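Below you'll find the structure, written out as structure tokens, and then a few comments.
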Amino acid sequence: MTIKCANVVCAIIMTAGLVSRTDISQAQVQSMKVQTGGGSPYTLIGTEVWDVPDPVSHRGYQVFVSLPASYQKEPSRRYPVLFVTDAMYGFPVISQISRRLNVERVRIQDFLLVGLSYGNGEDGTLSRDRDYTPTPNGPHDTPAGAVLGHGPAYQAYLRDHVMPFIAQRYRTDPRRSLFLGHSYGGLLGAQILFTDPGMFSGYILGSPSLWYDKHHIFDMEAAYAARHHDLPAKVYMYVGEYEGKPRNPVDDLVADNRELEERLKKRKYPNLVLKSEVLNDEDHLSVAPRGFTHGLKYLLPAR
């Protein structure tokens with residue numbers, strides 16, 4: 001019998017030659033509580049990696065999936081799904097935050113976590129510069145050779161290929177698809193919010209790069225408001241205290257976040273639920289884990 005092994009733990013075990021394909025099942029791998037050892041890479045237990053290429057751009061991408069502990073125990077249950085950009089960082093951090101929050105008591109609902117990787121074999125900075133930005137007009141310090149402005153194409157890839165892939169393979173709640181992005185990832189989330197808000201029911205926009213291309217995202221917000229009388233979504237925005245003046249006099253992310261918050265509140269959208277926070281003693285790099293935690297508690301509060 002040949003067993004198709006998609007779980008990263010299984011892949012590492014087989015690569016190390018510890019067992020043959022006929023000696024192990026997917027269920028056995030999922031139940032393992034120890035690392036492989038022998039100098040093998042550290043593995044996040046209970047995770048899976050899938051190749052989901054983009055047939056339009058012909059680029060290879062992977063998605064990382066983390067299943068809640070209850071997934072196997074409750075076979076009839078459907079789960080909300082959180083899609084996170086910059087998966088090399090965000091996926092393991094959020095995976096562990098979500099588990100830790102519920103150690104002593106249930107604070108957030110169980111959910112499926114889906115990490116969105118960079119292009120296969122690509123430098124992460126160049127991949128995110130291309131896929132997470134709405135226009136080709138990048139900042140002056142953009143790396144040489146970088147391509148920008150493919151955010152709309154990447155958004156279509158998520159909508160038409162990644163989200164259906166996950167929905168077909170896992171017990172997801174189609175009414176509860178959530179998005180989390182930080183920095184350029186937050187900019188991508190804002191782009192989706194103002195072009196196809198129903199793509200996700202909830203958004204965590206972390207320190208979003210609203211300054212990009214002379215605050216182009218504010219033009220997108222205004223264009224959406226001119227055509228719509230509602231914005232049905234639950235949105236949490238966070239930014240670190242030290243991302244504003246005086247430390248960042250040019251790209252003042254604190255002021256930008258407040259500007260977007262004020263704009264959205266003035267629209268008086270009947271079905272927009274919005275919360276924005278400036279997290280003290282944090283900068284652009286340190287704020288993410290804390291913002292992730294607050295965002296999870298806001299979008300997925302225990303029932």
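The values are calculated or read from the model by the stated rules, or taken from the named source; none is laboratory data. Just so it is clear, the model here is predicted, and its values are computed rather than measured. Cβ atoms come from the backbone with ideal geometry, glycine included; neighbour counts cover every protein chain shown.
Table for the structure above
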| quantity | calculated |
| --- | --- |
| Flag for S66 being over 19 Å from G202 (Cβ atoms) and hydroxyl-bearing (S, T, Y) | no |
| Single condition Q30 does not satisfy, out of (1) touching a Leu at 6+ places or on another chain (Cβ under 9 Å); (2) modelled with pLDDT of 95 or more | (2) |
| Output for the stretch 36-54, where each listed residue is assigned to a loop (DSSP other than H, G, I, E, B) and more than 20 Å from I94 (Cα to Cα) | T36, G37, G38, G39, S40, V52, P53 |
| Of all residues making up the stretch 112-124, the number that are closer than 22 Å to K73 by Cβ and either outside the structural domain of Y170 (by TED's automatic domain parsing) or part of a loop (DSSP other than H, G, I, E, B) (or both) | 0 |
| The stretch 34-77 - residue that is under 23 Å from A153 (Cα atoms) and among the polar types (S, T, N, Q) and, of those, nearest to the chain's Cα centre (by Cα) | Q62 |
| Cβ-Cβ under 7 Å pairs, at least 6 apart or on other chains, the stretch 112-141 side more than 30 Å from D173 (Cα to Cα) and among the polar types (S, T, N, Q), far side at pLDDT below 95 and assigned to a loop (DSSP other than H, G, I, E, B) | T125/P143 |
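To keep it simple, each residue is scored yes or no on (1) within 19 Å of G189 (Cβ to Cβ); (2) loosely packed, with under 13 Cβ neighbours inside 10 Å; (3) outside the structural domain of H294 (by TED's automatic domain parsing).
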site: V52; (1), (2), (3): no, no, no
site: Y71; (1), (2), (3): no, no, no
site: G90; (1), (2), (3): yes, no, no
site: I97; (1), (2), (3): yes, no, no
site: R105; (1), (2), (3): no, yes, no
site: D110; (1), (2), (3): no, no, no
site: L126; (1), (2), (3): no, no, no
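Matching residues to (1) at pLDDT 95 or above; (2) out of contact with any His (no Cβ under 7 Å at 6 or more places or on another chain); (3) outside the structural domain of L178 (by TED's automatic domain parsing):
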| residue | (1), (2), (3) |
| --- | --- |
| G206 | yes, no, no |
| H216 | yes, yes, no |
| L231 | yes, yes, no |
| V235 | yes, yes, no |
| K245 | no, yes, no |
| K265 | yes, yes, no |
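Listed here are the residues, each with its yes/no results for (1) touching a strand residue (DSSP E or B) at 6+ places or on another chain (Cβ under 8 Å); (2) part of a loop (DSSP other than H, G, I, E, B).
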{"site": "P92", "(1), (2)": "no, no"}
{"site": "R105", "(1), (2)": "no, yes"}
{"site": "D110", "(1), (2)": "yes, yes"}
{"site": "P134", "(1), (2)": "no, yes"}
{"site": "P143", "(1), (2)": "no, yes"}
{"site": "A146", "(1), (2)": "no, yes"}
{"site": "A156", "(1), (2)": "no, no"}
{"site": "V162", "(1), (2)": "yes, no"}
{"site": "F165", "(1), (2)": "yes, no"}
